[in-house]
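Presented below is the structure to which this report refers.
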Amino acid sequence: MLAGSKSSIGSGTEPNTTVSSGARYLQRLNDGRKVWLDGKLVQHIANHPAFRGTIKSVAGILDLQDEPELAPHLVFETETGAHANMAFLIPEQKEDVFRRSRAFKIWSDATFGVMSRVGGTYRGQVAGLYIGRELLQSEDPDYSDKIVNYYRYVRDHDLLVTSAGHDPQIDRTKLSSELGGLYTALRIVRETEDGIIVRGAKMLATGSPYMDEIIVSPLVKKTAEEKQYALLLMVAVNTPGLHLICRESFASEEEENHPLSSRFDEMDAVLVFDDALIPWERVLVKEDPELLWKVRSTAVGGGLGLHKSIVRLVSKLEFVAAVGNELADSIGIKKFAHVKEKLAELFYQLESIKALLLTAEHGAKLDPSGVWLPDSGLMATAKNLGNRYYPRAIEILQQLSGAGLLQAPSTLAEFRGPLGTQLQAYYRGADRGAEERVKLLKLAWELVGSQLGARHELYERYYAGDPIRTYARQYVDYNKQPHFDKVQEYLLGSTYHQ
Ligand SMILES: Cc1cc2nc3c(=O)[nH]c(=O)nc-3n(C[C@H](O)[C@H](O)[C@H](O)COP(=O)(O)OP(=O)(O)OC[C@H]3O[C@@H](n4cnc5c(N)ncnc54)[C@H](O)[C@@H]3O)c2cc1C
């Protein structure tokens with residue numbers, strides 16, 4: 001057994017509450033995790049240029065829960081009297097839906113909705129798996145004990161959680177079982193007294209290099225032939241044998257010129273398990289496609305997690321709409337009707353998502369598991385609209401700026417150089433000075449044209465699954481019959497036939 005490592009639930013010291021939540025998080029990061037970037041193993045991740053800006057932001061967000069004015073909105077009291085992050089709150093009352101929402105909004109606003117993994121999407125999924133335990137008691141009594149212990153462990157240690165659900169792309173027309181080869185989808189290679197030894201890869205785990213925990217499980221139903229891949233594992237990021245292969249870093253060290261990528265580059269990584277031992281207490285489902293599907297279908301985690309994602313989307317659309325507005329002001333184009341029309345589109349995107357969110361929260365329903373969940377149909381509509389709204393919002397920023405976005409000099413330091421005076425004249429805006437305008441252009445470019453911006457567009461399209469299939473799924477699940485009945489009634493009704 002991995003004594004003393006975080007792999008073993010409950011091992012290690014109790015949370016040190018004499019230091020801030022952010023400081024505790026920073027102390028946890030030096031734990032032997034294997035993060036690979038640019039062909040090298042990252043040493044001291046919190047000091048590495050590709051990660052330090054983002055990790056500082058994460059620590060800052062965790063510290064918010066220690067601020068006396070914010071704490072009542074961000075933490076709740078557990079059954080032991082300790083304080084825990086609001087994402088772990090079990091919504092037993094309808095009011096809890098709103099408590100969770102207020103906390104999500106504070107976290108989301110802290111990064112303008114740009115960061116997605118600190119506010120609780122996957123903490124919510126852990127809470128959801130915990131809530132669903134009783135429904136699965138008869139199927140697998142062990143499952144219930146394991147998820148209770150795991151939920152309390154991550155909640156009480158205030159751990160950050162992400163997930164990885166997909167098998168490597170390789171050939172999407174084939175089942176995992178048809179791909180063959182040694183290193184493909186994640187599966188068990190042997191069992192020991194301590195746990196299972198797993199080998200294979202999973203994609204894509206956003207934030208994993210500096211999170212604590214990863215929920216590893218397929219997102220789609222596995223068939224009977226793919227039994228060996230039907231696993232639900234709660235994996236500690238520092239598990240020996242687990243390698244996190246990062247994409248290229250989009251982080252910048254220059255806060256002045258890159259206000260978003262210097263602070264909010266959420267790294268994405270592929271997980272490679274090279275005969276890693278997953279202790280039994282972390283193996284929630286083992287080679288059981290039916291149980292796994294039941295866990296995923298009955299667990300309310302999807303709903304709790306999605307709630308946070310929609311609140312985050314509101315923060316992001318507020319931010320993009322405000323940037324669009326500033327861009328228009330900065331070159332005096334607001335008086336043109338087509339510009340007003342485009343700005344209005346940004347605000348109606350925002351208001352549509354807000355309206356869906358509010359209606360879903362106010363229309364929250366009591367789930368059979370005994371908790372209150374925002375209306376799932378409205379949440380799915382908000383999610384699906386969001387993956388079309390966001391790319392359009394970015395297109396509007398381009399249309400409002402033209403080549404202005406590329407007029408910004410490579411660095412703001414140019415204003416302090418020999419041509420500074422000329423720049424002050426040529427780069428000024430209709431309503432603001434040159435430096436202020438260039439700062440705005442640089443912020444807009446981060447959203448529209450930077451590597452970080454491109455990743456964000458991809459994120460909003462795909463984070464919740466392949467949009468083609470999520471739309472199709474919503475159509476299938478939608479209660480269409482009452483509308484069809486009306487048409488049928490009209491077609492068959494007497495008025496029409498007379
Ligand atoms: C920035 C970013 C961050 C992400 N973070 C996470 C994360 O933290 N955790 C996580 O688990 N996932 C994450 N994802 C992955 C996300 O869940 C997937 O991108 C999404 O589910 C789609 O799967 P895929 O990327 O494997 O694409 P694929 O499913 O391979 O799809 C690629 C294309 O092939 C088509 N296609 C493939 N298979 C079929 C089929 N059977 N029928 C019809 N069409 C098909 C799709 O329609 C699409 O056009 C992230 C994605 C992005 C872009």
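Here is a yes/no grid of residues against (1) open to solvent by less than 90 Å² (accessible area, probe 1.4 Å); (2) within 16 Å of the ligand (Cβ to nearest atom):
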{"residue": "A425", "(1), (2)": "yes, no"}
{"residue": "A444", "(1), (2)": "yes, no"}
{"residue": "H456", "(1), (2)": "yes, yes"}
{"residue": "Y463", "(1), (2)": "yes, yes"}
{"residue": "R473", "(1), (2)": "no, yes"}
{"residue": "D485", "(1), (2)": "yes, no"}
{"residue": "Y490", "(1), (2)": "no, no"}
Can you name the condition, by its number, that Y478 falls short on among (1) touching a residue at least 40 places away in the same chain (Cβ under 8 Å); (2) more than 16 Å from the ligand (Cβ to nearest atom); (3) of a type outside the set (S, T, N, Q); (4) surrounded by 13 or more Cβ atoms within 10 Å (Cβ to Cβ)? (4)
Of those in the range 214-232 that are away from the ligand (no atom under 13 Å from the Cβ) and small (G, A, S), the residue nearest to V198 (Cα to Cα) is A230
Mind checking which helices (runs of 4 or more DSSP H) fall wholly inside the range 384-498 and carry at least 1 residues that are modelled with pLDDT of 90 or more and within 22 Å of I331 (Cα to Cα)? 404-407, 420-426, 434-448
Output the residue which, of all residues in the range 168-195 that are in contact with a Phe, Trp or Tyr (Cβ under 8 Å, 6 or more places away or on another chain) and assigned to a strand (DSSP E or B), is nearest to the ligand (Cβ to nearest atom). A185
Of all residues in the range 408-419, which are surrounded by fewer than 14 Cβ atoms within 10 Å (Cβ to Cβ) and not hydrophobic (A, V, I, L, M, F, W, C)? S410, R416, G417, P418
Among helices (runs of 4 or more DSSP H) lying entirely in the range 274-363, which contain 2 or more residues that are within 21 Å of A110 (Cα to Cα) and either at pLDDT 95 or above or in the same structural domain as E435 (by TED's automatic domain parsing) (or both)? 301-330, 337-362
If you take the residues of the range 16-47 that are touching a Ser or Thr at 6+ places or on another chain (Cβ under 9 Å) and assigned to a loop (DSSP other than H, G, I, E, B), which of them is nearest to S261 (Cα to Cα)? D38
Being open to solvent by 20 Å² or more (accessible area, probe 1.4 Å) and among the aliphatic types (A, V, I, L, M) is the filter; apply it to the range 198-213 and report the residue that is farthest from the ligand (Cβ to nearest atom). M203
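The values are calculated or read from the model by the stated rules, or taken from the named source; none is laboratory data. The shown structure was predicted, so the numbers you read here are calculated from the model rather than taken from an experiment. Please note: Cβ atoms are built from the backbone with ideal geometry, for glycine as well, and neighbour counts cover all protein chains shown. Ligands, DNA and RNA are stripped out before the accessible areas are found, and what is left, the full protein with its side chains, is counted by its heavy atoms. Shrake-Rupley method; radii C 1.70, N 1.55, O 1.52, S 1.80 Å.
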